[in-house]
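Only one structure is covered here, and it is reproduced in the block below.
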Amino acid sequence: MPLYLGLDCSTQSLTAIVLDVDDADDAGGAGRADGAGGAGGAGGAAGRRAVVLERSLEFDRALPSYGTTHGVLTSADPRVVTAPPALWADALDHLLGAIAASGLDLSRLAAIAGSAQQHGSVYLDATAADVWRSLDPARPIGGQIADTFSRPVSPVWMDTSTTVECEEITQAMGGAARVAAITGSRAFERFTGPQIRRFWKTDPAGYARTDRIHLVSSFLASLLTGAHAPLDPGDASGMTLMDLTASRWSPDALAATAPDLARRLPAIVPAPTVVGTLAPYWRARHGLPAASVVAWSGDNPSSLVGLGLVRAGMLGLSLGTSDVVFGPLAEVRVDPAGTGHVFGAPIGGVMGLTVFRNGSLARERVRDACGLDWAGFSAALAASPPGNRGALMLPWFEPEITPHVPRGGARTRGLDETDRRDGRDGRDEPGVAARVRAVVEGQMASMATHAAWMGLDVRTIHATGGASANREILQVMADVFDADVLRFETTNAACLGAALRAFHAHARARGRAVDWPDVVQGVAEPVAASRVRPDPAGVRASLGMRREWQEFERAELRTRRG
């Protein structure tokens, strides 16, 4: 039976999942070019899908020579956050080598798809494709492609240095509402369009040398195929450049961003497109077969599939470096507050999404300040009452995306009073518990508040990401959203979604139409025993907390905006 490889290049690591599909329809239809034997596959019962390998490579630890911290490079300007693109290439080399040495029968590898952190951009000169075609399989890839970058670093989603460029693009396109109506989002600092504009303004010579601008997803797909790969609508819609309804580059957005930009961008193709086969470099270096390579996507669209969110009205919540609320939408709708996004969805149609930068790093900040490990963090959270006796936190340790807070600085209300009442200092149990609950309740209140524009009647949340393993955090989520919460066996939904997308696209390319519910059945499903139900008392306390928290946020935003 065929194997399908999913890859996910996140901020801090590269992860691989190999999916074994034991499916009679797939064996008959997907294995024959004419599709005979698979014509009845749509709507049929799904066969077994099993994850047979999962590996991850942490950038800082595995490739220390690149000098990253948490996968990125910082600078004297805290707004500027980048990564070395050759790092991602070397990580791909290392991880494919580990997969080749795993003992799996990789002659069965049929297709590869991937996901990557959205908004990161890679700038290449005109020599790149020729260099890719002539790579020496005896040598690592990073050093061989080092001279092909017209910009030595890649701005990533954490970069907030393009406020001026966002304003310029917005004015040129006729205002924020029109930008959102065309592209699905207003102009955000981390989006690729403003980043391109800033590069053109600050380094016109570098821009002139640039032959192609890829996202992280299409860059890695290009390395796999040895030729410039296209983008899918899910990732392309996170650039402030794509016409969302037409899935093509918007002439108005291109003109507002930089000169002669259209020729520098990849094509946009439907998500289930096979864009090539695995290049000779990888086959010779790691003994891999000539597997199909499917168009890569962003991590958020891929997570939609990996969490089984294949019907409108379902909601996912990812607790990672950033926290993300997302789900498929029945129709295009734009967030009137301008903080949410509408992206293309790999299942077809569109998805809604709201991103919060202060995710896991904010939780870690509180954990470390309180002198706790994660077990102690969980115990402190369980020991504190829902509503936190009125103690609140706006967890903006770093500049925040939602709501727009350009300068970091967390704010609290009532925590000092809690310490004095308990007669303890900030490192003793009562004060620590209040701080731990304040950061988690603050994050959940923010997500529930700023994702309401999606208009979903939420009854069940599918939770993923590293912190989804923490049942105490999930209980706060259930109480604040007043919804059941289910977690998944894998915490890397984007990677699983990529593997499932590889299966789906490969089947389609062989003439078999597979419905998305059949694709995800049996693998992108929550752990039944993981259900966390809202506690009625916790829901009542959380409702009051949310009202107070919302007023606290409004007051603080008014103060910051003068």
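The values are calculated or read from the model by the stated rules, or taken from the named source; none is laboratory data. Everything quoted here is computed from the prediction, not taken from an experiment. So basically every Cβ, Gly included, is an ideal-geometry build from the backbone, and we count neighbours across all protein chains shown. Accessible surface is based on the protein model in full, side chains and every heavy atom, while ligands, DNA and RNA are left aside. Shrake-Rupley method; radii C 1.70, N 1.55, O 1.52, S 1.80 Å.
What the table below lists for this structure:
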| read-out | value |
| --- | --- |
| Positive-end residue, the stretch 57-133 charge dipole about Cα centroid, Cβ charges, pick of 102, 72, 87 | 102 |
| DSSP-defined beta bridges in the chain - what % are antiparallel, rounded to 5 | 70 |
| Gyration tensor verdict on the chain (Cα atoms; rounded if a/c is under 1.5, prolate if a/b is larger than b/c, oblate otherwise) | prolate |
| Inter-site label distance for residue 260 and residue 129 at 7 Å from Cα along Cβ, in nm | 1.7 |
| Within the accessible area of the stretch 223-349 (1.4 Å probe), percent carbon and sulfur | 52 |
| Sum of side-chain charges, residue 301 neighbourhood, beta-carbon under 10 Å (Lys, Arg +1; Asp, Glu -1) | -2 |
| Within the stretch 250-335, chymotrypsin sites (Phe, Trp or Tyr not before Pro) in DSSP loop having at most 14 other beta-carbon neighbours inside 10 Å | none |
| Peptides 262-272, 71-81 ordered by average Cβ neighbours within 10 Å, highest first | 262-272, 71-81 |
| Net +/- balance of residues flanking residue 116 in space, Cβ distance below 12 Å, scoring K and R +1, D and E -1 | -4 |
| Accessible area (Å², per residue) of the chain, counting only protein heavy atoms and a probe of 1.4 Å | 36 |
| Point-charge dipole on Cβ atoms (K/R +1, D/E -1) for the stretch 406-562, about Cα centre, debye to 20 | 580 |
| In order through the stretch 321-333: 3J(HN,Hα) via Karplus (6.51 cos²θ - 1.76 cosθ + 1.60), integer Hz, x for Gly, Pro | 3, 10, 9, 9, 10, 7, x, x, 10, 6, 8, 5, 9 |
| Size of charge dipole - the stretch 91-221 - debye, nearest 20, with Cβ of Lys, Arg +1 and Asp, Glu -1, no other charges | 260 |
| Check: the chain dipole with +1 on Lys, Arg Cβ and -1 on Asp, Glu Cβ, in debye | 500 |
| Inter-part distance where the stretch 252-292 and the stretch 94-129 are each reduced to a Cα centre, Å | 12 |
| Sorted peptide list for 127-137, 105-115, 486-496, 232-242, criterion being average Cβ within 10 angstrom, highest first | 232-242, 486-496, 105-115, 127-137 |
| Farthest positive-ward along the stretch 424-562 dipole, Cα basis, beta-carbon charges - from 440, 481, 466 | 466 |
| At least 30 Å along the helix axis (C-alpha) and Kyte average at least -1.0, DSSP helices within the chain | 429-450 |
| Positive-end residue of 293, 390, 372, charge dipole of the stretch 290-413 with Cβ unit charges | 390 |
| By average C-beta atoms within 10 angstrom, highest first, the peptides 138-145, 299-306 | 299-306, 138-145 |
